[in-house]
Amino acid sequence: MTLAAILDASFAALTLLVATYAIFARGLFAAVVAFISYGLLLALVWVRLSAVDVALTEAAIGSGVTGALLIGAAARIGDADGARAGQPKAMMKIIAALLCVAVTAGIAAAVLSLPTPAPTLASRAVQELPATGLGNPVTGVLLAYRAIDTLLESVVLVFALIGIWSFARDGAWGGAPRSPDAGTSDSALTFLGQLLPPIAIIVGVHLVWTGADAPGGAFQGGTVLAAAWILVMIAGLRQPPRIDGGWLRFALVVGPALFLAIGLIGYGIAGAFLAYPEGFAKPLILLIEAALTLSIAVALGLLALGAPARRHQP
């Protein structure tokens with residue numbers, strides 16, 4: 001057995017082990033930590049499968065932002081050992097386990113039933129990629145071939161945030177979310193809140209810029225920027241903004257709005273919605289990616305903060 005095969009088998013076994021622990025962990029915090037570790041292991045698995053774009057997304061969103069949301073939820077709920085009354089009964093656990101097994105079996109059956117070789121449009125996507133001026137086929141698929149899906153995904157983030165804001169009390173509407181401050185002036189968290197954001201900005205901008213020709217893009221870069229913003233607020237260096245701020249709402253919608261505007265302009269210039277004029281596809285895609293990065297960073301940061309809790313001060 002080669003070293004690569006041993007490494008892959010180890011990753012697979014460790015990933016299954018951590019996933020099992022996350023399911024059966026009795027404490028909420030332990031389960032959340034196991035889930036975050038599981039996400040990081042999955043990112044490494046995607047790297048081994050040469051799907052670097054998926055690995056970046058998994059590490060940033062699946063483990064990073066989602067992990068931060070789960071940590072906040074666990075802190076508010078409290079440890080499961082002290083809240084046994086709220087736990088599901090044994091029968092419900094059995095039903096949930098059976099449903100999970102059924103879904104897993106269905107996915108496995110669908111994958112195993114695919115013909116050999118499996119049907120794919122990858123070769124055609126790569127063949128048509130030079131027309132877009134892009135070097136990264138993933139960006140080509142997301143921003144050219146199925147751009148409407150990406151547009152809708154960015155819009156869904158805005159509607160998800162509005163849904164969370166709708167849980168605010170009437171008196172708090174327009175105010176600011178509760179501060180996640182968990183640090184002190186001389187804590188290591190404060191030091192990291194001062195040290196890491198400049199690095200995160202460089203990394204985030206690099207991921208967006210290089211996404212046209214290499215793994216990266218708006219969602220990965222925006223998530224890195226959102227993580228830096230959340231870290232600054234957790235360290236107590238900045239307070240959460242009021243949701244009625246004009247700059248905040250502009251940053252939230254500028255990405256989807258610009259994306260939609262360029263799509264509508266495509267009717268007059270290229271003859272179809274979200275069609276790019278010949279020779280201008282790459283500049284327009286980079287412009288859309290830059291605007292989406294800002295909107296995604298703001299949306300994810302506000303999603304992590306939750307609904308406004310402090311009274312609105314006119």
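The values are calculated or read from the model by the stated rules, or taken from the named source; none is laboratory data. Please read these numbers as outputs of a predicted model, since none were measured by experiment. Cβ sites come from the backbone with ideal geometry, for glycine too, and all protein chains shown count toward neighbours. What goes into the accessible areas is simple: the full protein's heavy atoms, side chains included, and nothing from ligands, DNA or RNA. Shrake-Rupley method; radii C 1.70, N 1.55, O 1.52, S 1.80 Å.
Each of the peptides 237-246, 38-47, 299-308 was scored by the mean count of other Cβ atoms within 10 Å over its residues; in descending order, highest first, they stand as 299-308, 38-47, 237-246. Between SER123 and ARG310, the modelled label-to-label distance comes to 6.0 nm, taking each label 7 Å out from Cα in the direction of the beta carbon. Which percent of the accessible heavy-atom area of the chain goes to carbon and sulfur, probe 1.4 angstrom? So the carbon and sulfur contribution to the accessible surface is 72 percent.
Annotation: for a label point projected 7 angstrom from Cα along Cα→Cβ of TRP173, residues of region 236-265 with backbone N closer than 16 Å are 243-245. Which entry in (i) 92, 44, 36; (ii) 56, 47, 32; (iii) 63, 61, 38 is this structure's computed Cα extents along the principal axes in Å? The value matching this structure is (iii). Shown here for region 108-179: chymotrypsin sites (Phe, Trp or Tyr not before Pro) in loop regions (DSSP other than H, G, I, E, B) with at most 11 other Cβ atoms within 10 Å, namely PHE167. Over region 216-288, the reciprocal of the mean inverse Cα-Cα separation, the Kirkwood hydrodynamic radius, stands at 14.6 Å.
Ligands, DNA and RNA are left out, and with a 1.4 angstrom probe the accessible area of region 192-314 is 46 Å² per residue. Students often get this wrong: which residues of region 21-44 have the backbone nitrogen under 17 Å from the point 7 angstrom along Cα-to-C-beta of ALA90? Label zone hits: none. Put a dot 7 Å past the Cα of ILE107, heading toward its Cβ, do the same for ARG242, and the two dots end up 4.5 nm apart. Were the residues from VAL205 through ASP149 laid out at 0.36 nm apart, the gain over their Cα-Cα distance would be 17.8 nm.
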